[in-house]
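Notes to accompany the following structure.
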Amino acid sequence: MSSVLYDTPGPRAKRRNVVYTIGFLAVLGLAAWWLLSAMADKNQLAVEKWSPFVTDSRVWTTYLLPGLTETLKAAALSILIALPLGALLGIGRLSDHRWVRVPVGTVVEFFRAIPVLLLMMFASGIYREYTTISSDFRPLYAVVTGLVLYNASVIAEVVRAGVLSLPRGQGDAAEALGMRKGQTMMYVLLPQAVTVMLPALVSQLVVIVKDTALGGAMLGFTELLSQNRQITANYGANTIATFTVIALIFIVINALLTHLAGRLERRLRQGKKSAAVNIPAQPGATEVKSDAVSGA
């Protein structure tokens with residue numbers, strides 16, 4: 001079976017693909033063998049380097065779980081603020097009014113162009129010089145501020161692209177029913193664009209969770225990754241084991257986030273097939289219910 005982009009491989013192509021696969025696996029196996037040998041030479045595979053994560057609960061209660069709590073706290077606050085702010089900025093970029101569209105576009109492009117670490121450092125300096133926020137909480141505030149400013153700008157572009165990807169007839173149908181621009185955006189375009197935007201939004205949420213580690217590297221924020229220094233100092237310089245465990249924790253968190261988003265996307269697509277749009281009644285008019293602009 002073939003498609004426009006892919007032809008069914010013939011006998012020679014199949015043999016060639018098998019050879020390439022075997023060659024790739026061989027190279028991968030050699031690389032893994034070399035890596036494990038180098039780790040063994042540095043005594044990083046010794047049982048005492050890995051056993052504390054199984055036998056000593058203090059590694060978790062003193063270092064990993066408190067660090068994970070701070071990571072999730074910063075990520076949750078950033079997500080809760082960046083999502084609605086990014087949606088508002090994205091809608092602002094789609095405004096018909098130039099006095100709204102141009103300033104919003106300037107803000108989005110400005111913060112999207114600055115590395116998130118610089119935003120965190122600027123925020124930390126501003127909080128230190130111009131506020132009375134305690135030094136105990138200042139790293140959290142700086143991390144959340146940097147993540148919100150950067151990711152809200154990226155989310156704004158995701159929202160704008162998602163709405164513009166919809167067929168033009170959706171907006172035209174809503175206009176024909178007498179809906180205003182704001183109503184069209186709220187009740188017709190955004191609900192349909194959510195399913196289009198969701199994969200990109202999930203990717204950005206994963207980025208938010210991972211970027212909390214920047215605060216630990218530069219601002220002294222006691223997030224999950226920063227705990228590696230304390231663990232390696234107290235458990236025999238088990239750097240590789242510590243980084244491996246922390247990486248696995250991040251993988252599990254982001255996998256759960258992706259799984260939940262996938263379930264949400266499936267439910268949205270199922271509901272979209274039968275959903276109807278309730279158009280708020282205008283003064284002097286009766287309420288209109290229509291399936292024509294629901295995307296079904």
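Derivation of every value follows stated rules applied to the coordinates shown; laboratory data play no part. Owing to the predicted nature of the structure, the values given are computational and were not obtained by experimental measurement. Ideal geometry is used to build each Cβ from the backbone, glycine not excepted, and the neighbour counts take in all protein chains shown.
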Per the 1/(1 + (r/R0)^6) rule, R0 = 41 Å and r from the Cβ atoms of Tyr130 and Leu28, FRET efficiency to 0.05 is 0.20
In a Gaussian network model of the chain with springs linking alpha carbons closer than 10 Å, the residue among Leu256, Leu72, Leu28 that fluctuates most is Leu28
Once Ser57 and Leu264 are pulled to full extension, the length gained, defined as 0.36 nm per residue separation minus their Cα-Cα distance, is 71.0 nm
Treating only Lys and Arg (+1) and Asp and Glu (-1) as charged, each at its beta carbon, one finds that the chain has a dipole about its Cα centre, in Debye to the nearest 20, of 740 debye
The Rg/Rh figure for the chain, Cα atoms and Kirkwood Rh, to two decimals is 1.09
Under the 7 Å Cα-to-Cβ spin-label approximation, Lys210 and Arg12 lie apart by a distance in nanometres of 4.1 nm
When the chain is treated as a Gaussian network with springs between alpha carbons less than 10 Å apart, the largest mean-square fluctuation among Ala46, Ala237, Ala74 is found at Ala46
Expressed in nanometres to one decimal, the distance between label points 7 Å along Cα→Cβ at Ile251 and Val100 is 4.6 nm
In the chain, taking the dipole from +1 charges on Lys and Arg beta carbons and -1 charges on Asp and Glu beta carbons about the Cα centre, the listed residue (Ser135, Leu25, Thr145) farthest towards the positive end is Leu25
Across Val19, Val143, Val159, the residue with the highest GNM fluctuation in the chain (Cα network, 10 Å cutoff) is Val19
Projected onto the charge dipole of the chain (unit charges on the beta-carbon of Lys, Arg, Asp and Glu, signs +1, +1, -1, -1), the Cα from Gly125, Ala217, Ile155 with the largest positive-side position is that of Ile155
Relative contact order as a percentage, the chain, C-alpha pairs under 8 Å and 6+ apart, gives 21 percent
In the neighbourhood of Ile114 defined by beta carbon distances under 15 Å, the net charge of the other residues (Lys, Arg +1; Asp, Glu -1) is -2
Per the rule of 0.36 nm per residue minus the C-alpha distance, extending Phe122 to Ser37 adds in nm 26.3 nm
